[in-house]
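Peer 1: I'd like to ask some things about the structure below.
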Amino acid sequence: MNRIKLSRTCALAGYFGLLIFIPVWHLLIEPLAAEFMSITLLVQIGPLMLPLRGILHGKVYTHAWAMYLALFYFVIGIWYAGDESTRSFGIIFSLLSVLFFMGTMFYTRFQGKAENAAENETDLN
């Protein structure tokens, strides 16, 4: 598997891992109190909806700014890991965000270089 496909697979796995894991945890594994459910899910899943289209279409620019979003989720994961009652949630949350971060970082690097090389090649011809 080449580097671009591997990095894109990591980015997608981390992204969709977070997108699926957050509601599964809050709704099924450790349900929150009803009054906190909607705001918690909105705050934690809402930002993930912003890069959805660009991530699905493999846009380099979207992957580049989604790296910052992955850092936000890493901080949240570490915050949850600090409490003994939510430690397992926080660790999985952090690992998925690191996978998302690393995937977006390397995809941006490798795909950006490939696009620049293709662009330079067409300029020479």
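The values are calculated or read from the model by the stated rules, or taken from the named source; none is laboratory data. On a predicted model such as this, the values are computed, not experimentally measured, just so you know. Virtual Cβ from ideal backbone geometry, glycine too; neighbours counted across all protein chains shown.
Peer 1: Can you find a residue that is in a helix (DSSP H, G or I) and among the basic types (Lys, Arg) anywhere in the stretch 75-89?
Peer 2: Of the stretch 75-89, the ones in a helix (DSSP H, G or I) are 75-81, 84-89.
Imposing the further condition that a residue be among the basic types (Lys, Arg) reduces the set to 87.
There is at least one residue in the stretch 75-89 that is in a helix (DSSP H, G or I) and among the basic types (Lys, Arg).
Peer 1: Here is a follow-up. For the stretch 73-97, name all the residues that are over 13 Å from residue 21 (Cβ atoms), surrounded by fewer than 17 Cβ atoms within 10 Å (Cβ to Cβ) and hydrophobic (A, V, I, L, M, F, W, C).
Peer 2: Passing the criteria: 75, 78, 79.
Peer 1: Among (1) modelled with pLDDT under 95; (2) surrounded by fewer than 16 Cβ atoms within 10 Å (Cβ to Cβ); (3) closer than 25 Å to residue 3 by Cα, where does residue 111 come up short?
Peer 2: Looking at each condition in turn, residue 111 falls short on (2).
Peer 1: When residues of the stretch 29-59 are filtered for being farther than 29 Å from residue 8 by Cβ, surrounded by 13 or more Cβ atoms within 10 Å (Cβ to Cβ) and without any contact (Cβ under 8 Å) to a residue 12 or more places away in the chain, how many remain?
Peer 2: 2
Peer 1: I'm told residue 31 meets every condition in (1) assigned to a helix (DSSP H, G or I); (2) at pLDDT below 90 except one. Can you identify the failing condition by its number?
Peer 2: Single failed check for residue 31: (1).
Peer 1: Output the number of the condition that residue 26 fails; it satisfies all remaining conditions of (1) surrounded by fewer than 16 Cβ atoms within 10 Å (Cβ to Cβ); (2) farther than 17 Å from residue 109 by Cβ.
Peer 2: For residue 26, the failing item is (1).
Peer 1: Being among the β-branched types (Val, Ile, Thr) and within 30 Å of residue 114 (Cβ to Cβ) is the requirement here; does residue 9 meet it? So that I can check it myself, show each step before the final result.
Peer 2: Values: among the β-branched types (Val, Ile, Thr): yes; within 30 Å of residue 114 (Cβ to Cβ): yes.
Yes, satisfied.
Peer 1: For residue 81, all conditions in the list (1) out of contact with any Lys or Arg (no Cβ under 9 Å at 6 or more places or on another chain); (2) farther than 30 Å from residue 112 by Cα hold save one; what is the number of the exception?
Peer 2: (1)
For (1) part of a helix (DSSP H, G or I); (2) under 18 Å from residue 17 (Cα atoms); (3) touching a residue at least 40 places away in the same chain (Cβ under 8 Å); (4) more than 10 Å from the chain's Cα centre (by Cα), each residue gets a yes or a no:
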site: 65; (1), (2), (3), (4): yes, no, no, yes
site: 71; (1), (2), (3), (4): yes, yes, no, no
site: 100; (1), (2), (3), (4): yes, yes, yes, no
site: 121; (1), (2), (3), (4): yes, no, no, yes
